[in-house]
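Report on the structure given below.
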Amino acid sequence: MARPDRPGQPPRAKKSLGQNFLIDPNAQRRIVDALDPTLADEVMEIGPGQGALTRHLAERAGRLVLVELDDELARRLQAEFAGNDRVRIIHRDVLQVPLEEVTDDPARLKVIGNIPYNITTPILFRLLERRPRPREIVLMVQKEVADRILAEPGNKTYGALAVGVRAVADAERVMNVGRKSFRPVPDVESSVIRIVPHDPPRVAQQDERSLRHLTRAAFGQRRKQFQRILRDAYGLSVEQVTALGAELGMDLQSRPESFAPDRFVDLARALRERSALPPEMSAGDVDE
Ligand code: SAM
């Protein structure tokens, strides 16, 4: 059973909500500096918690939208920012809040958060999978997840996450943050990453779904050669795969993990142009 909070004290951290509060003032400031919000910017903070980043953001951003799921923390934030009409609090699960509810212009939105690590992938995919994508995203994530996002082709950690993010955005590590910068102290190391979606997008709108399916098929069976995956998952013949490889200048006898995100984009486009679909997709799914 949850222990009751002590009056006048900060509420106890809830593990189920990934609550590890950032107590290092230097790290707090550097993360906000990485986003560099100005009075012309609208910013969404995911999981503001006890306000470690929020207070810096509130001083610098033109508009600030805080999305916090925890009842007690949302109540405290409401109380703290009640007199500030540039700050709005949405007391909900961020995974249930469409960007269109946060702002009239999602493509201009800047997003920041020391996020609950257990929902990092769904948060990333919600922000990046569909258009319009935010203008810029700065997130604290588990270091191992940052490594996977930033991995180079051929590296054993390179996979669906790297391709999913870097086919549509540039990504870089801002800094690593040690465990002692948080309370309670987490079990894992952390990194701050900056993700800037390509503007204009490099993946044509009609190829985006094809790219998602290709990535899923490719890394679902990463030990197989790409040509085998294309034959099994897309029902292509040996001749069709050979022609595809020649057209794109790709050696499809290699494994998917050896190809850069841009090559996945090229392959997804070529597959879409041939109306090649994995069995779970119908023709109507291709063009959104
Ligand atoms: N930003 C604060 C900081 O840096 O100290 C808190 C970070 S803590 C790692 C994650 C925050 O996300 C917590 O405040 C938690 O309550 C909140 N949270 C957890 N799940 C959430 C969800 N699905 N939607 C919105 N907020 C969530």
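The values are calculated or read from the model by the stated rules, or taken from the named source; none is laboratory data. From a predicted model like this one, the values you see are computed outputs, not experimental measurements. Don't worry about glycine lacking a Cβ; one is built from the backbone with ideal geometry, like all the others, and counts go over all protein chains shown. The accessibility values were calculated without ligands, DNA or RNA, using every heavy atom of the protein model including side chains. Shrake-Rupley method; radii C 1.70, N 1.55, O 1.52, S 1.80 Å.
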- Message: Could you check the stretch 56-66 and list, in sequence order, the residues that are open to solvent by less than 70 Å² (accessible area, probe 1.4 Å) and among the charged types (D, E, K, R)?
- Response: 60
- Some residue of the stretch 92-101 being away from the ligand (no atom under 13 Å from the Cβ), open to solvent by 80 Å² or more (accessible area, probe 1.4 Å) and closer than 21 Å to residue 124 by Cα: yes
- Item | residue 75 being without any contact (Cβ under 8 Å) to a residue 60 or more places away in the chain, farther than 18 Å from residue 126 by Cβ, part of a strand (DSSP E or B) and more than 9 Å from the ligand (Cβ to nearest atom) | no
- Is it the case that residue 243 is modelled with pLDDT of 95 or more, of a type in the set (Gly, Ala, Ser), buried (at least 19 other Cβ atoms within 10 Å of the Cβ) and in a helix (DSSP H, G or I)? no
- Item | Residues (open to solvent by 50 Å² or more (accessible area, probe 1.4 Å), in contact (Cβ under 8 Å) with a residue 60 or more places away in the chain and not in a loop (DSSP other than H, G, I, E, B)) located in the stretch 15-34 | 17, 30
- Working only within the stretch 220-243, note down all residues that are closer than 15 Å to residue 272 by Cα and under 30 Å from the mean Cα position of the chain (by Cα). 230, 233, 234
- Residue hits (the stretch 42-55; in contact with a strand residue (DSSP E or B) (Cβ under 8 Å, 6 or more places away or on another chain) and either more than 16 Å from residue 196 (Cα to Cα) or open to solvent by less than 10 Å² (accessible area, probe 1.4 Å) (or both)) are 43, 44, 45, 46, 47, 48, 49, 50, 52, 53, 54
- Query: Residue check: is residue 107 open to solvent by less than 40 Å² (accessible area, probe 1.4 Å) and away from the ligand (no atom under 13 Å from the Cβ)?
  - Reply: no
- Scanning the stretch 173-200 residue by residue, those open to solvent by 80 Å² or more (accessible area, probe 1.4 Å) and either closer than 30 Å to residue 265 by Cα or not in a loop (DSSP other than H, G, I, E, B) (or both) turn out to be 173, 176, 179, 180, 183, 199, 200
- residue 69: passes all of (1) open to solvent by 50 Å² or more (accessible area, probe 1.4 Å); (2) closer than 22 Å to residue 22 by Cβ; (3) assigned to a loop (DSSP other than H, G, I, E, B); (4) more than 9 Å from the ligand (Cβ to nearest atom) but (4)
- Message: Could you list, ordered by first residue, the pairs with Cβ atoms under 6 Å in which the first is in the stretch 119-135 and over 19 Å from residue 203 (Cβ atoms) and more than 16 Å from the ligand (Cβ to nearest atom) and the second is acidic (Asp, Glu) and not in a helix (DSSP H, G or I), at least 6 apart or interchain?
- Response: none
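Here's the yes/no breakdown for (1) open to solvent by 70 Å² or more (accessible area, probe 1.4 Å); (2) at pLDDT 95 or above:
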| site | (1), (2) |
| --- | --- |
| 202 | yes, no |
| 234 | no, no |
| 247 | yes, yes |
| 260 | no, yes |
- Message: Condition first: within 17 Å of residue 127 (Cβ to Cβ), small (Gly, Ala, Ser) and within 11 Å of the ligand (Cβ to nearest atom). Now tell me which residues in the stretch 25-66 satisfy that.
- Response: 47
- Message: Any residue that is assigned to a loop (DSSP other than H, G, I, E, B) and more than 13 Å from the chain's Cα centre (by Cα) - is there at least one of those in the stretch 133-150?
- Response: no
- Counting only residues that are among the acidic types (Asp, Glu) and without any contact (Cβ under 8 Å) to a residue 24 or more places away in the chain, how many does the stretch 148-182 have? 2
